[in-house]
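Student: For reference, the structure I am asking about is given below.
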2 protein chains.
Amino acid sequence: MGSISFKIEKKMEGLGRAGVLTTPHGTIQTPAFVTVGTKATVKALTPEMVRDLGAQVVLANTYHLYLEPGDEIVRDAGGFGKFMNWSGPTMTDSGGFQVFSLGVAFGSKMGKLSKVGDVVVGEEIDAEDKAGKLAKIDEDGVTFKSYKDGSEHRFTPERSMEIQHNLGADIIFAFDECTSPAAPYEYQKEAMDRTHRWAKRSLDAHNLLGSPGLPRKQALFGVVQGGRHRDLREESARTLGAMDFDGYGIGGSFDKDDMDAAVGWVNAILPEDKPRHLLGIGEPVDLFGAVENGCDLFDCVAPTRTGRNGAVHTHDGRVNLLNARFVRDFTPIDPECDCYTCKNYTRAYLAHLFRSDEMLAATLASIHNLRFLVRLVNQMREAILGGTFETLKTNFLTRYYKK
Amino acid sequence: MGSISFKIEKKMEGLGRAGVLTTPHGTIQTPAFVTVGTKATVKALTPEMVRDLGAQVVLANTYHLYLEPGDEIVRDAGGFGKFMNWSGPTMTDSGGFQVFSLGVAFGSKMGKLSKVGDVVVGEEIDAEDKAGKLAKIDEDGVTFKSYKDGSEHRFTPERSMEIQHNLGADIIFAFDECTSPAAPYEYQKEAMDRTHRWAKRSLDAHNLLGSPGLPRKQALFGVVQGGRHRDLREESARTLGAMDFDGYGIGGSFDKDDMDAAVGWVNAILPEDKPRHLLGIGEPVDLFGAVENGCDLFDCVAPTRTGRNGAVHTHDGRVNLLNARFVRDFTPIDPECDCYTCKNYTRAYLAHLFRSDEMLAATLASIHNLRFLVRLVNQMREAILGGTFETLKTNFLTRYYKK
């Protein structure tokens, strides 16, 4: 192996831990919030802004970069980090989630947990036969239509590895099938078994694509699935945990109420010395749950996506800057926040920018929301190191959710 | 007096000069390209980006800030510079140009010289009576409908001064009537005479609004009009030149081919020791013409507006980044450019951002275009100081326009 290394610095009671993940492009102090740069850009931000708000790592989406500009252009540019001028650690996802969510939910609003519920599963079904169904799964892979132009494409574990090698991130993910939390047990098991076979094929393809005998340049994470079922989650963690992955992703096919338990089942089994990434989580309460249940990394588009719509985090909960009461409010979004936006701009100015459809609104709100979550996860890390995690959690959640 | 001072450092043969304009918020080395921040934001840029690309001064539009968020909110925020976190010199225009262009051309694309041609002039005509005509002029002022919601508003010289005092820029402009270059001579004269009466009223209102007996906090520029007619332009320069303005704007009601001549007629008459701002000019060839004919300042939205559409300046002319040939071009926009964009990003990356509708595209292209023009005008200044203006002009224009 050798492309990354992971060292646990401190364990708290239960599963939570603080560590350091070393990559070819620098270290990540964990737990860490991973910033999403879907198309090799964190929307509305320069890489300097991303760095200055404390982000340690950027995750790009394989599905999007494969479709545009194409993974070979990104390869020729020197990988997506160089392409976008981000010199720090990088990740790409497997493409699976978008194939199953965007491939199916073409044209409709995206929402992680609900959207995967409509995926076409089981036997080969022609995508066009069902209104809006644009993906079909077989044992070998997935055929899907582009969300952009309807053109047909195919991902297999081998193709995902090839694309992710071209994209060149430090950490990449095995190709997995994302199921709906609403899918029946039998299908969850069938999909999980297929994900395990795809995981093995991803690993083999990854090793073939690398330089045999030399340390890997990219680290590969397997993705644990199994829905909300304890036996499946545990089986998935055992099966993948026995394979030679550098770390693990945990797929989010469960209802939010089941998340903490499902993550706990998995992390009690996964090898302790390898990093764990919970995919697609960004709500403060979920971050606390994931950290205390042993996750090290989390990514989510929510802070930038909701920020672009004017919704911003404060220690007293989320507010929307388009609300009339902010038009003459000459205080920062959150007086306790240390971000660039809060140090330099008022709610009144942001309200003006949002009402005027000025692009700077998206930039300033995204900086604030990302900084808020990055800092919150940093605080969790400090609290683990200092033995004060429960106090931080109680104080933060009580105030944020007014419970 | 007292709020600004202007010192000429070097005169070239003819009317051109290099100088230093000192304002309460810092000095401006002239000639200087003025960056437009219409709604108290230079679109898609932070103030730090504006400063880092070498911009010395930001001009906001009175019309837009009056409508949104309203000049009293900007006043309560400490003026538009503080509101937007720009600590350098600031200007606001009189609101006249937008009243006459946006007020009339509601819903259509804006183009400076052509659009003012449709203005409703002369007798009071109800705006609603004529399709799309939304402004009416009388001796006292202009009644117009908001481009946003159709609500009715009225600007007079006194109201423009009151609003501009609320907006709080270092340099403000007298309220003027903007005519079409196509308007007949008789109307140009009538409008010019009215602009002169409005100039006197602006000056009186400005003095009343200030603190009597104390130095002015804001400098007031009169605006020379008169279309493309030499006798009118000269009369306007003489009339306004005799008034106690701190500097002069030159309104752009002439065809591009007439610009150099018209500017020359005016600047041969205006007091030499006061700064001159040619309103709304941003094409390289026009900047050369304006500088050699004695203008010190110029503003234009073109670099940011065209940049947002993918059109960028290079020393070899303008190119559009959406062109297919840039998709695999891993060189910067202009290898001779020293801007943030050219130092860190390739044409291929920008092509990807534009094709993906990513906001960062607008940011990076705007930085480049503004830096290109700011640097070009800085080079003109250096060339005036060094006696090499003609060489710079010939070399640049030959290559840029491939003539």
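Student: Quick check, is B:Val57 among the β-branched types (Val, Ile, Thr) and more than 20 Å from the chain's Cα centre (by Cα)?
Tutor: Spelling it out, it is not the case that B:Val57 is among the β-branched types (Val, Ile, Thr) and more than 20 Å from the chain's Cα centre (by Cα).
Student: Next question. Considering only segment B:71-81, state which residues are of a type outside the set (D, E, K, R) and at the interface with chain A (Cβ under 9 Å from one of its Cβ atoms). If you could, list the steps in order and put the result at the bottom.
Tutor: At the first step, the residues of segment B:71-81 found to be of a type outside the set (D, E, K, R) are B:73-74, B:77-81.
The answer is B:Ile73, B:Val74, B:Ala77, B:Gly78.
Student: Taking A:Gly107, is it loosely packed, with under 15 Cβ neighbours inside 10 Å, modelled with pLDDT of 95 or more and either within 14 Å of chain B (Cβ to nearest Cβ) or not in a helix (DSSP H, G or I) (or both)?
Tutor: No, not satisfied.
Student: Further question: So A:Arg159 clears everything in (1) part of a helix (DSSP H, G or I); (2) in contact with a helix residue (DSSP H, G or I) (Cβ under 7 Å, 6 or more places away or on another chain) except one condition, right? Which one?
Tutor: With (1) part of a helix (DSSP H, G or I); (2) in contact with a helix residue (DSSP H, G or I) (Cβ under 7 Å, 6 or more places away or on another chain) applied to A:Arg159, the lone miss is (2).
Student: If you take the residues of segment A:82-94 that are within 12 Å of chain B (Cβ to nearest Cβ) and of a type outside the set (Phe, Trp, Tyr), which of them is surrounded by the fewest Cβ atoms within 10 Å (Cβ to Cβ)?
Tutor: Among those residues, the one meeting the criterion is A:Ser87.
Student: Suppose we filter A:Arg201, A:Arg228 for residues that are part of a loop (DSSP other than H, G, I, E, B), on the phi < 0 side of the Ramachandran plot and free of Cβ contacts under 8 Å to residues at least 60 places away in the same chain; which single one remains?
Tutor: A:Arg228
Student: State which residue is surrounded by the fewest Cβ atoms within 10 Å (Cβ to Cβ) when the search covers only segment B:57-69 and only residues that are assigned to a loop (DSSP other than H, G, I, E, B) and more than 9 Å from every other protein chain (Cβ to nearest Cβ). Before the answer, list the steps.
Tutor: Step one: list which residues in segment B:57-69 are assigned to a loop (DSSP other than H, G, I, E, B), which gives B:57, B:61, B:68-69.
If we keep only those that are more than 9 Å from every other protein chain (Cβ to nearest Cβ) as well, we get B:57, B:61.
Numbers: B:Val57: 27, B:Asn61: 24.
Checking each candidate, the answer is B:Asn61.
Student: Which one of B:Thr30, B:Thr35, B:Thr46 is β-branched (Val, Ile, Thr) and either over 19 Å from the mean Cα position of the chain (by Cα) or surrounded by fewer than 23 Cβ atoms within 10 Å (Cβ to Cβ) (or both)? Walk me through it before giving the result.
Tutor: Values: B:Thr30 fails: either over 19 Å from the mean Cα position of the chain (by Cα) or surrounded by fewer than 23 Cβ atoms within 10 Å (Cβ to Cβ) (or both); B:Thr35 fails: either over 19 Å from the mean Cα position of the chain (by Cα) or surrounded by fewer than 23 Cβ atoms within 10 Å (Cβ to Cβ) (or both).
Among B:Thr30, B:Thr35, B:Thr46, only B:Thr46 is β-branched (Val, Ile, Thr) and either over 19 Å from the mean Cα position of the chain (by Cα) or surrounded by fewer than 23 Cβ atoms within 10 Å (Cβ to Cβ) (or both).
Student: Quick check on segment A:241-252. Is at least one of its residues at pLDDT below 95, of a type outside the set (Phe, Trp, Tyr) and closer than 30 Å to A:His25 by Cα?
Tutor: Yes, because at least one residue in segment A:241-252 is at pLDDT below 95, of a type outside the set (Phe, Trp, Tyr) and closer than 30 Å to A:His25 by Cα.
Student: Same structure, new question: Among the small types (Gly, Ala, Ser), on the phi < 0 side of the Ramachandran plot and either touching a strand residue (DSSP E or B) at 6+ places or on another chain (Cβ under 7 Å) or not assigned by TED's automatic domain parsing to the domain that holds A:Glu162 (or both) - does that describe any residue in segment A:206-217?
Tutor: no
Student: Just need a number here: residues in segment B:334-358 that are away from chain A (no Cβ under 12 Å) and more than 23 Å from A:Leu360 (Cα to Cα).
Tutor: Number of matching residues: 5.
Student: May I pose another question? May I ask you to list the residues in segment A:359-380 that are buried (at least 22 other Cβ atoms within 10 Å of the Cβ) and within 14 Å of another protein chain (Cβ to nearest Cβ)?
Tutor: Of everything in segment A:359-380, those that are buried (at least 22 other Cβ atoms within 10 Å of the Cβ) and within 14 Å of another protein chain (Cβ to nearest Cβ) turn out to be A:Leu360, A:Ala361, A:Ala362, A:Thr363, A:Leu364, A:Ala365, A:Ser366, A:Ile367, A:His368.
Student: Out of the residues in segment B:18-53 meeting the condition of being among the aliphatic types (A, V, I, L, M) and part of a loop (DSSP other than H, G, I, E, B), tell me which one is nearest to the other protein chains (Cβ to nearest Cβ).
Tutor: If we take residues in segment B:18-53 being among the aliphatic types (A, V, I, L, M) and part of a loop (DSSP other than H, G, I, E, B), then B:Ala44 is nearest to the other protein chains (Cβ to nearest Cβ).
Student: Still on this model: Do any helices (runs of 4 or more DSSP H) entirely within segment A:311-403 hold 1 or more residues that are aliphatic (A, V, I, L, M) and outside the structural domain of A:Lys43 (by TED's automatic domain parsing), and if so, which?
Tutor: Working: elements: A:340-344, A:347-355, A:359-386, A:389-400.
The helices (runs of 4 or more DSSP H) meeting that bar are A:347-355, A:359-386, A:389-400.
Student: Out of the residues in segment A:137-154 meeting the condition of being touching a residue at least 40 places away in the same chain (Cβ under 8 Å) and assigned to a strand (DSSP E or B), tell me which one is farthest from A:Gly70 (Cα to Cα).
Tutor: The selected residue is A:Ile137.
Student: If you don't mind, another one. Quick one: which residue in B:Asp71, B:Asp76 is of a type outside the set (Val, Ile, Thr), at pLDDT 95 or above and farther than 18 Å from B:Tyr147 by Cβ?
Tutor: When all the criteria are applied, what remains is B:Asp76.
Student: Another question, then. Out of all the residues in segment A:40-55, which are over 12 Å from A:Asn85 (Cβ atoms) and of a type in the set (Asp, Glu)?
Tutor: Matches in segment A:40-55: A:Asp52 only.
Student: Return the residues of segment B:325-382 that are hydroxyl-bearing (Ser, Thr, Tyr) and without any contact (Cβ under 8 Å) to a residue 24 or more places away in the chain; say none if nothing qualifies.
Tutor: Of everything in segment B:325-382, those that are hydroxyl-bearing (Ser, Thr, Tyr) and without any contact (Cβ under 8 Å) to a residue 24 or more places away in the chain turn out to be B:Thr331, B:Tyr345, B:Thr346, B:Tyr349, B:Ser356.
Student: Only one residue in B:Gly307, B:Gly249 is in a strand (DSSP E or B) and crowded, with 20+ Cβ neighbours inside 10 Å. Which one?
Tutor: Details: B:Gly307 fails: in a strand (DSSP E or B).
It is B:Gly249.
The values are calculated or read from the model by the stated rules, or taken from the named source; none is laboratory data. This structure is a prediction, so every number in the text was calculated from the model and none was measured. Cβ coordinates were reconstructed from backbone atoms using ideal geometry, including for glycine residues, and neighbour counts include every protein chain displayed.
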